[in-house]
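> Please find one structure pasted underneath; my questions will follow.
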Amino acid sequence: MSEATVDVADLRHHGSAGPGGRADDEPLREDIRLLGRILGEVIGEHAGPDVLELVESTRLEAFGVRRSEVDRVALAARLDGLDVRSANHIIRAFSHFSVLANLAEDIHHERRRRHHRRAGSPPQRGSLAATFELLDRAGLSEDTVARELAGALVCPVVTAHPTEVRRKTVFQVQRQIAELIRQRDRAGGGDVDDEWSARMSRSVLTLWQTALLRLSRLRLEDEIDEALRYYELSLFDVVPAINADLRRAVEERWPGAGVLRRPMLLPGSWIGGDRDGNPFVTADALRRATTRQAETALGHHLAELAELRSELSMSDRLITSTPELYALADASGDDSPFRADEPYRRALTGITARLAATALRVLGTVPGGRVAGPDVVAYAVPDELRADLDVVDASLRSHGAGALADDRLRRLREAVEVFGFHLCGLDLRQNSAVHEEVVAELLAWAGVCEDYAALDEVARVELLAGELTLRRPLVRPDAQLSEGARKELDVLLAAAGQVALLGPRTIPNYVVSMCESVSDVLEVAVLLKEVGLLDPGGVDGPTCPVGISPLFETIGDLQAAASTLGAVLDQPLYRSLLGNRGDVQEVMLGYSDSNKDGGYLAANWALYRAELDLVEVARREGIRLRLFHGRGGTVGRGGGPSYEAVRAQPPGAVAGALRITEQGEVIAAKYADPDLARRNLEALVAATLESTLLDVEGLGQDADEAYALLDDLAARAQLAYRELVHETPGFVEWFRAATPIGELAELNIGSRPPSRKAGDSIADLRAIPWVFSWSQTRIMLPGWYGTGSALESFVDGSPERLERLRDLHRRWPFFRTILSNMGMVLAKTDLGLAARYAGLVPDEELRARVFDRIREEHERTCRMTRAITGEDDLLADNPSLARSIRNRFPYLEPLHHLQVEMLRRRRSAVSGEDPDDELTSRNIQLTINGIATALRNSG
């Protein structure tokens, strides 16, 4: 078969704009052609020539639609007439095309980065090298660096929110294919030999014959294990390396600052601790999560010690070690005559034995099947292990073996600092309404208050504050409590047990969802006291290893965030507790629910305003504020390039510390291999340093005027958004008919239910399936709706007002990022395809009424975006995405048409087909999978 048959891309529509763009992208086009040809051969051989012909003719028509050479209606009509089995072949083929195109793009990004490094190009924006160049030019003093980077922290927190549609098996096959392409690149590219071609064909065949869908929904334990695999894939290598590079760079520039004594970059997790709306997070689940994390960390450290023991074979007949090293060696119990002259191996034998004993103590077993000696003293804390490794390090340097100390040993020392025995901090999270119910039950059982729910806020705070001065628990272990209250207490008791076993870094934070009041925070404090985590009467006042982080999610809660935090800090006992935690208060900001509540522009501005107000409260109260950003993968849920997003935060909002959620398909996109992980983590750290140490807002004396303008625009945008989403009669009916929201619940992509509670309102729906559904229909409404109306009504034909917006776009990173991310969403929107989904709404009048408003707002938003940016191309500032869209979007065309047709058949009672037909349902799920894969940041 010729290369022209099944190609994932048409050469006439590839290549990036600009000088040299097509030449730079030629390797990408070659990869896409090659992978498309191999997939075509596999389809032809294993599905038959008729299927291949069907796939190829559909491909040609899909590209014709994109070039406006083929009528979309004609393609849709032909696909609508397919039988369900033929439709299945098309869906599978085009889903695999998207997978392979994504792989080719990722490899090409790696290729371009290698090229720039070899060519000695200037450091890439967002890299640590580029950031330190900026800091060098700023001439920062040691005092400034010491003040601003005290307690510096960057913490990406992996969550279980389900938008990753790929099975682990499919992911592994994709990695095989990617590695084969890398091998060809290392060999110089060009023609490939028969053995390489055979291996690639086998991998693509495996992909074709592997089911894309899971047979059953992921269990929580599966999600725990899925997240942990990224440590072996990249994080064990990359996180310690970045911390070491950071420490070295800061010490070279500001040796007297005394900062970064501890790692700045620390990973976190919610998987197994986030109970908000997930009934599967139990005490056993929390113990499993923290135990598996500890097993992963200890297994890594033991494996590295074994490698070190093999590598450090130096003989004391040739070198002289330090007395401290000899002391470790003599205490190891290793009396083998074969190692009598090898002090490092003997010392490492003892270190390994102590770590194995530690594993046995905390896990009940030793990873890797190793055996722990019966009389060996376990390490009490990771610092003891680090101290022994420091002895080895100092000894190596004493006899000129610093190069060895800077290799594996340095990485292990950093890894022990970062990962300890616990691997990563596991946050707890629960909804404030649950806390209220549990506390009310405990108070009633103890005879303290019969009806806590009936108290007003003042009375609640007084009662809770009084309880927090007392050490006595409210209930005994044998108390007769409801199932819900018992479950909540059991989770907290498990957390307390794991903190005692693995150390205080195991459970660092408790996030309070839907936090609206002081009592919402104090209720958590009472529950932490009940299980012994909070001690109200220590020598120096109240102490607790777990910080309480209020989460402000809705527009109203964000607007009230500063006053709520201020009122919490006015509580003497809480303020004293915070003082014993270094005066650091974490506040979490919810991007998803605020967007669902008020729309894209209103939510983003509410977040910015909330941060400004919270910074002012922190300044007034003399505390350090640490913000935790609950961002998702899509722009509608706070997504977009992380570097630009962090730099777009208001002055003082970063302050050396940043926590941010990583979820769904974004995790694999960022951390599936060391190169990707390094680039993405560097971007987070770099942006944090720049936002902390430099003035990146750029508004100067014009800030108040700019803020007032955004207040105005946000109010206009929220009004337009709410008029459609919350006030249009029949909108919920339209949404449920025009999108696959109901079918998403059947896709086995996570353990969490799609709704917090039973109900048919938008408010009851979780933000993730809300955004995911709009992405599937290519409307992408959460990422833009309402903004066009706001901008147009503000400008109102005035050249002066338009110029004000253009000036803000040039000067203000926040406003520029808002429009850039929105441009990305608008470029992915396709209202021609969306009209097909709207056709699923049975009520013709409702169908037209809602969709006409969506279409008009889309046109308005595109028009105003172009007017402000001065660019006709919505992706003028993102050529990489523009190229990606050209590569992949033609293959979305058939998937969308077939999804609509399968939805129509399944929902129709008079179609002549069984609406519950298994293959029809599977086809719907496959299209959801394929579309999400091609869009990449779909949830």
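FYI, it's all coordinate maths here, none of it is from the lab. Note that this is a predicted model, so its numbers are computed, not measured. Note: ideal-geometry Cβ built from the backbone for every residue, glycine included; neighbour counts use all protein chains shown.
> Report P(r) for region 695-844: all Cα-Cα distances, bin width 5 Å, range 0 to the bin holding the largest distance, values in whole percent.
It works out to 2, 8, 14, 18, 17, 14, 11, 8, 6, 3, 0, in whole percents.
> Just want to confirm a number: the relative contact order over the chain, from Cα pairs under 8 angstrom separated by 6+ residues, in percent.
17 percent.
> So the label point goes 7 Å from the Cα of Val458 along Cα→C-beta, right? Which residues of region 540-570 then have their backbone N under 20 Å from it?
Only 563-570 pass the distance filter.
> For Arg619, what is the net charge nearby, where nearby means another residue's Cβ is under 15 Å from its Cβ and Lys, Arg count +1, Asp, Glu -1?
Net charge around Arg619: -2.
> Let me ask something additional. Starting from 0.36 nm per residue, how many nanometres of slack lie between Arg863 and Arg810 once their C-alpha separation is accounted for?
Between Arg863 and Arg810, full extension yields 17.3 nm more.
> Using per-residue counts of other Cβ atoms within 10 Å, averaged over each peptide, order 31-40, 83-92, 869-878, 586-595 from highest down.
Highest mean packing first, the order is 586-595, 31-40, 83-92, 869-878.
> Report the calculated FRET efficiency for Ser921 and Ala331 (r = Cβ-Cβ distance, R0 = 51 Å), to the nearest 0.05.
0.20
> Next up: If packing is taken as the mean number of other Cβ atoms within 10 Å per residue, what is the order of 818-829, 666-677, highest first?
Going from most to least packed, we get 818-829, 666-677.
> Say each of Arg248 and Asp284 gets a label point 7 Å from the Cα, pointing the same way as Cα to Cβ; how far apart are those two points in nm?
Result for the modelled spin labels: 4.8 nm.
> Now for a separate question. Along Cα→Cβ, 7 Å out, is where each label goes; now give me the distance between the ones at Glu133 and Thr320 in nm to one decimal.
Calculated label separation equals 4.7 nm.
> Right, another one. Tell me the Kirkwood hydrodynamic radius of region 290-419 in angstroms, computed as one over the mean inverse distance between distinct C-alpha pairs.
Evaluated on region 290-419, it is 14.7 Å.
> Skipping prolines and chain starts, which residues have an amide H placed within reach, meaning under 5 Å, of the one on Val154, given they are 5 or more residues away or on another chain?
So Val154 has HN proximity to Leu265, Leu266, Leu658.
> Taking the Cβ-Cβ separation of Ala848 and Ala715 as r and a Förster radius of 22 Å, what is the calculated FRET efficiency to the nearest 0.05?
Calculated value: 0.15.
> Find how much the distance from Ala146 to His399 grows on full extension, using 0.36 nm per residue of separation minus their present alpha carbon separation; answer in nm with one decimal.
The Ala146-His399 span can extend by a further 87.7 nm.
> Starting from the amide H of Thr543, placed 1.01 Å from N in the peptide plane, find each other amide H under 5 Å away whose residue is 5 or more places distant or on another chain.
It is Asp535, Gly537, Gly538, by chain and number.
> Let me see the pair-distance distribution of region 33-159: every alpha carbon pair, 5 Å bin width, integer percents in order.
Result, from short to long distances: 2, 8, 11, 12, 11, 9, 7, 7, 8, 7, 6, 5, 4, 2, 0 percent.
> Going by a ≥ b ≥ c, the root eigenvalues of the Cα gyration tensor, does region 812-902 fall in the rounded group (a/c under 1.5), the prolate group (a/b larger than b/c) or the oblate group?
It comes out oblate by the Cα gyration axes.
> Note the full-extension length gain between Glu856 and Arg907 as 0.36 nm times their separation in residues minus their Cα-Cα distance, in nm to one decimal.
Full-extension gain reported as 15.5 nm.
> About the Cα centre of the chain, how large is the charge dipole given +1 on each Lys and Arg Cβ and -1 on each Asp and Glu Cβ? Please answer in debye to the nearest 20.
In debye, rounded to 20, the chain gives about 1480.
> Applying a 10 Å radius around every beta-carbon, put 884-895, 482-493 in order of their mean neighbour count, most first.
Order by mean packing, descending: 884-895, 482-493.
> Would region 30-74 count as rounded, prolate or oblate if I go by the C-alpha gyration tensor, calling it rounded below 1.5 in a/c and otherwise prolate when a/b exceeds b/c, oblate otherwise?
Since a/c reaches 1.5 but b/c is at least a/b, the shape of region 30-74 is classed as oblate.
> A further question follows. With just the Cα atoms defining each centre, how far is region 310-369 from region 706-739? Give it in Å.
Each part reduced to its Cα centre gives a spacing of 65 Å.
> First measure r as the distance between the Cβ atoms of Ser121 and Asp185, then evaluate 1/(1 + (r/R0)^6) with R0 = 22 Å and state the FRET efficiency to the nearest 0.05.
0.75
> Enumerate the helices in the chain for which the Kyte-Doolittle hydropathy averages -0.5 or more and the C-alpha atoms extend at least 30 Å along the helix's axis, using complete DSSP H runs.
TM-like helix candidates: 26-47, 600-621, 703-725.
> Using a ≥ b ≥ c from the Cα gyration tensor of region 371-449 (square roots of the eigenvalues), is it rounded, prolate or oblate, where a/c under 1.5 gives rounded and otherwise the larger of a/b and b/c decides, a/b for prolate?
Judged from the Cα gyration tensor, region 371-449 comes out prolate (a/c at least 1.5, a/b above b/c).
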